[in-house]
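Worksheet: the structure to be examined is printed underneath.
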Amino acid sequence: VVTYTKMIDLHSKAGLFEQAFDLYREMLRVGVKPDLVTLCAVMDCLGKAGDVVGASRLFDYLKARGYRPDAVAYTTIIDIHSKAGFYQKAVQLYDEMRAVGLHSNTVNYNSMIDCYARSGNLPAAVGLFREMKALGCTPDLQTYAILMTHHAKLGLLESCLQLFEEVQRAGLQPNSIIMMAMVDCFGKKGKFTAALDLFLQIQEKGCPLDVVCYTRIIDICGKCGYYDKAIGFYHEMQQAGVEPN
RNA sequence: UGGAUAAAU
């Protein structure tokens, strides 16, 4: 069962959904009984393949068959609904998780914080962030990345800066996602010089910049009217060995 | 030995 589960997961992560499902059918055919971990991997695969209904049905099925979903199983199905835009259903599943006595862990909080923020309820997202800290659940870099990204999208510079300070106070190493959220936020506020300065700092520090980072600085340059700089970064990107997509 | 969470256009 461990081998089949790992194989299903590997194919799913490689985007080979049909082959992942084939492996699941094969294990059933040869009489290997899937456990909760297997079903979780299959749910995740269904979700990534865009079949939210299928994932949801599998979750209901597994409960009906007597499997007891753990926090990972709930996070899997919650996140599938959240990413597909079914926020209410995600929150409903989150409530159910807590109702059955399961505790949120950092990953579960991260997923729910993102869910609330995506749904447009940033106060609820921040509320969960406070709750996790109050309950002794340590936010990680991803927690901050999620919060900073959403604050940046709304141009909430003060909050973004506060979160950035908190990252450093927590002794976490800001990565390019964290840094780019700050760049975005400056750009959103029309503080082009600050955005550009920070981006140059990231470059100087040798922080790995990928096509997403370059596309964002190009976009910011363009939106601020600095067309020459936009083209400049486009060339710089290629000189750095990053291919445009 | 296996499962869940973060950024652009």
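Coordinate-derived values only; no laboratory data. Remember, predicted model here, so these are calculated numbers, not experimental data. Methodologically, a virtual Cβ is constructed for each residue, glycine included, from the backbone with ideal geometry; neighbour enumeration extends over all protein chains shown.
Based on DSSP H segments of at least four residues, each scored -39500 (n - 2.57), chain A has a per-residue ellipticity at 222 nm of -23500 deg cm²/dmol.
Entry note, chain A: relative contact order of 9 percent, from Cα contacts under 8 Å with a spacing of 6+ residues.
Normalised by the number of residues in the stretch A:150-245, the mean separation of alpha-carbon contacts (under 8 Å, six or more apart) gives a relative contact order of 23 percent.
Within chain A, the cysteines lacking any other cysteine Cβ closer than 4.7 Å to their own Cβ are A:C40, A:C45, A:C115, A:C137, A:C207, A:C213, A:C221, A:C224.
Enclosing the Cα atoms of the stretch A:177-245 in their convex hull gives a volume equal to 75 cubic angstrom per residue.
For chain A, give the magnitude of the charge dipole about the Cα centre (Cβ charges: +1 Lys/Arg, -1 Asp/Glu; no others), in debye to the nearest 20. Before the final figure, lay out the partial values.
Numbers: 25 positive and 26 negative charges, 103 e Å.
Computed about the Cα centre, the dipole is about 500 debye.
Report the trypsin sites (Lys or Arg not before Pro) located in the stretch A:1-80 that are in a DSSP loop and have at most 13 other Cβ atoms inside 10 Å of their Cβ, or state none. Counting only loop positions with at most 13 other Cβ atoms within 10 Å, the trypsin sites (Lys or Arg not before Pro) in the stretch A:1-80 are A:R65. Could you state, as a whole-number percent, how many of the C-alpha pairs of the stretch A:87-240 are farther apart than 18 Å? Result: 61 percent of Cα pairs exceed 18 Å.
Filter the trypsin sites (Lys or Arg not before Pro) in the stretch A:104-140 down to the DSSP loop ones having no more than 14 other Cβ atoms within 10 Å, then list what survives.
Numbers: sites: A:R118, A:R130, A:K133; in loops: none.
Those that pass, being in a loop and sparsely packed, number zero.
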